[in-house]
């Protein structure tokens with residue numbers, strides 16, 4: 001099968017009223033359980049950003065090829081990932097079906113990308 005990354009940008013859920021987040025969480029977890037039960041879920045999770053403590057390890061960092069660590073995302077980055085789901089499915093169409101379920105549950109659009117085939121993938 002083939003791995004697909006389903007993701008959304010940080011801030012994509014900012015339009016959701018605070019009081020709706022428990023329901024959004026319930027619905028998104030239900031989709032993840034459904035994908036797990038279907039045997040296609042590899043990983044799912046939201047990316048943690050601690051806006052009160054900007055230099056915590058949970059914040060973005062770049063580790064250069066020389067090993068130097070720079071706090072923050074790549075300077076060229078315009079968006080930060082807010083959440084990811086990785087599914088292992090046979091077709092792009094099936095990946096899009098899962099992305100649609102996630103989009104409805106999370107109430108935000110999802111980006112779908114195929115991972116490169118790699119026979120040595122761990």
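All of the numbers you see were taken from the coordinates with simple rules; none came from a lab. Small disclaimer: the values here were computed from a predicted structure and weren't measured. Note that each Cβ is placed from the backbone with ideal geometry, even for glycine, and that neighbours are counted across all protein chains shown.
For the reader, a short list of remarks on this structure follows.
- Residues that are within 17 Å of the chain's Cα centre (by Cα) and without any contact (Cβ under 8 Å) to a residue 40 or more places away in the chain within the stretch 1-20 comprise just one, 14.
- Listed by position, the strands (runs of 3 or more DSSP E) inside the stretch 63-122 whose residues that are under 18 Å from residue 36 (Cβ atoms) number at least 3 are 81-89.
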